[in-house]
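What follows is a set of notes on a single structure, which appears directly below.
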Amino acid sequence: MKYLSTRGEAAARSFDDIVLEGLAPDGGLYLPEDYPRLDRAQLQAWRALDYADLAFEVLRPYLAPADDAALRALVRATYTAQTFGSDDIVRIKPLDASISLLGVSEGPTLAFKDMALQLLGRLFEHALASGERELNIVGATSGDTGSAAEYAMRGRRGIRVFMLSPFGRMSAFQTAQMFSLDDPNIHNLAVQGVFDTCQDMVKEVSADLEFKRRHSIGTINSINWARVVAQVVYYVAGYLRAVDRVGDPLDVTVPSGNFGNILAAHVARRMGLPLRRLVLATNENNVLDEFFRSGVYRPRTAEQTQQTSSPSMDISKASNFERYVFDMLGGDASRTRALFVDELQREGRFDLSADPAFARMRDEIVSGSSDHARRLSTIGEAWQRNRVLIDPHTADGVAVARTHVEPGVPMLVVETAQPAKFADTIREATGQEPARPQAMRDLESRPQHFVVLPPDVDALKSYIAAHC
């Protein structure tokens with residue numbers, strides 16, 4: 001399997017080459033030359049597999065020519081009942097007669113990001129061990145990626161994590177989950193800006209090829225292809241567990257800010273998984289919803305990005321959207337580069353409304369957005385009617401899913417996180433105190449370890465250089 005950049009200037013590379021790299025040297029994002037194809041017989045045979053064996057089968061062609069025995073050992077060590085709470089790893093949780101939740105947030109940090117990052121930590125360590133190298137991971141988080149990455153990487157040999165987060169814009173639980181860690185290889189950097197500020201700083205560091213080489217910089221956000229492909233596995237598992245017969249249609253709703261989670265669903269669909277339609281749900285920062293309604297992609301400035309009660313989606317520049325556009329333009333790298341480098345940087349927007357590709361996009365993805373009042377109403381209704389507590393991001397998904405449910409087609413909403421991470425909003429919506437694991441009962445009262453940084457990439461580089 002070879003990988004190409006969405007901007008067309010980087011040479012084709014293997015998975016081993018790109019897993020530690022993140023962004024391509026030309027600033028683009030890696031995608032495989034071709035997607036492996038699934039047929040119904042194969043999917044039917046996979047229904048008998050446990051999650052770890054299914055992960056091996058889905059990931060194997062993407063990592064080729066990786067050693068099969070090593071890959072099987074990695075996925076078996078990752079997807080355990082001890083780490084994810086049960087042998088199922090992924091659960092189907094009925095909400096009502098028309099909607100079920102895809103339960104993927106039972107990992108150590110109570111968010112769906114654990115599903116990929118627990119594996120990525122092992123992949124990184126395995127790749128580094130073969131060459132006795134070190135890796136300095138620079139990442140950005142709007143809330144859940146940071147803690148999932150840090151819990152996956154803490155104490156791992158040869159790895160340091162420099163995690164940027166928007167200062168004062170995460171929930172108290174999310175903040176404490178990250179900042180309470182005092183492992184020497186974990187560095188929490190609170191940036192005076194929004195998530196997009198943090199993400200831009202990470203991209204600028206990756207774009208400085210000399211600095212990147214000298215300090216062995218890698219990424220852990222979903223700009224890293226390994227993050228995306230690990231998430232493809234749970235869409236395959238969710239489909240196989242949600243339908244009566246292989247081949248039956250299934251709609252999936254995905255709360256999405258950076259477009260990584262729904263991109264994984266798109267990849268699964270391109271592979272042949274019979275997902276009928278994808279539904280994208282946003283919050284008040286509705287850049288992606290605006291695009292799928294109008295064909296105009298218009299990211300907001302930091303000042304225009306709203307702070308909401310579903311903070312992990314307070315994002316206005318969706319990095320993985322570039323991969324999707326590249327795919328839907330038929331792999332046209334020159335056109336993709338023109339859109340994301342020339343038009344977007346020059347005009348702050350681009351318009352695909354008249355392009356045939358936009359019609360194809362609308363056939364696959366429909367969208368909607370939610371707001372605080374709708375979020376509270378949806379959380380309250382799920383509790384009152386179904387005695388199910390859902391977190392604010394999942395509530396955005398359920399609210400949008402309800403407008404797109406069609407008779408005879410089951411709807412699966414991807415559960416984003418556990419309600420305990422957003423207790424203030426849960427209390428406001430239901431009057432209930434969400435349960436949390438015993439080990440996290442005193443999380444917010446623990447000492448916190450972080451450094452405040454200005455929104456300046458030179459300050460970030462200086463910090464990294466001083467702590468490598």
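None of the figures in this text is laboratory data; all of them are computed from the coordinates on show. In this text, all values refer to a predicted model and were calculated from it rather than measured experimentally. For neighbour counting, all protein chains shown are included, and Cβ atoms are generated from backbone atoms with ideal geometry for every residue, glycine included.
Couple of notes before you dig in:
- In terms of its C-alpha gyration tensor, region 1-71 has a prolate overall shape, because the principal axis ratio a/c (a ≥ b ≥ c, square roots of the eigenvalues) is not below 1.5 and a/b outweighs b/c.
- Were the residues from residue 154 through residue 302 laid out at 0.36 nm apart, the gain over their Cα-Cα distance would be 50.2 nm.
- Taken about its Cα centre, the chain carries a charge dipole of roughly 520 debye when the Cβ of each Lys and Arg holds +1 and the Cβ of each Asp and Glu holds -1.
- Computed [θ] at 222 nm, helices only, for the chain once each DSSP H run of length n ≥ 4 contributes -39500 (n - 2.57): -12500 deg cm²/dmol
- Cα centre as origin, Lys/Arg/Asp/Glu Cβ charges: region 282-436 dipole, Debye: 220 debye
- Region 215-223 - phi-based ³J(HN,Hα) in whole Hz, Karplus 6.51/-1.76/1.60, Gly and Pro as x: 10, 6, 7, x, 10, 10, 5, 6, 5
- Under 26 Å between alpha carbons - lysine pairs in the chain that sit 8 or more apart or on different chains: 16
- Mean projection of the Cα convex hull over all viewing directions, computed for region 142-269: 9.5 nm².
- Judged by the mean number of other Cβ atoms found within 10 Å, the most tightly packed of the peptides 26-32, 358-364, 42-48 leads the ranking 26-32, 358-364, 42-48.
- Cα gyration tensor shape for region 245-377, rounded if a/c is under 1.5, else prolate or oblate: oblate
- Computed from point charges on the beta carbon alone (+1 for Lys and Arg, -1 for Asp and Glu), the dipole magnitude for region 367-461 about its Cα centre is near 280 Debye.
- For the peptides 133-142, 436-445, the ranking by packing is 133-142, 436-445, with the highest mean count of neighbouring Cβ atoms within 10 Å listed first.
- Gyration tensor verdict on region 34-137 (Cα atoms; rounded if a/c is under 1.5, prolate if a/b is larger than b/c, oblate otherwise): oblate
- Per principal axis, descending, Cα span of region 88-204 in whole Å: 51, 37, 26
- Region 1-73, relative contact order [Cα under 8 Å, separation at least 6], %: 31 percent
- Restricting the calculation to Cα atoms, every distinct pair contributes to the Kirkwood radius of the chain, found to be 22.1 Å.
- Based on Cα contacts under 8 Å between residues 6+ apart, the chain shows a relative contact order of 19 percent.
- The calculated Kirkwood hydrodynamic radius for region 414-468 is 14.8 Å, given to one decimal from all distinct C-alpha pairs.
- Low-density loop cleavage sites - trypsin sites (Lys or Arg not before Pro) in region 218-267, where at most 12 other Cβ are within 10 Å (DSSP): 245
- Cα-Cα pairs of region 356-468 separated by more than 20 Å (percent): 60 percent
- Relative contact order for region 322-414, counting Cα pairs under 8 Å that sit 6 or more residues apart, in percent: 18 percent
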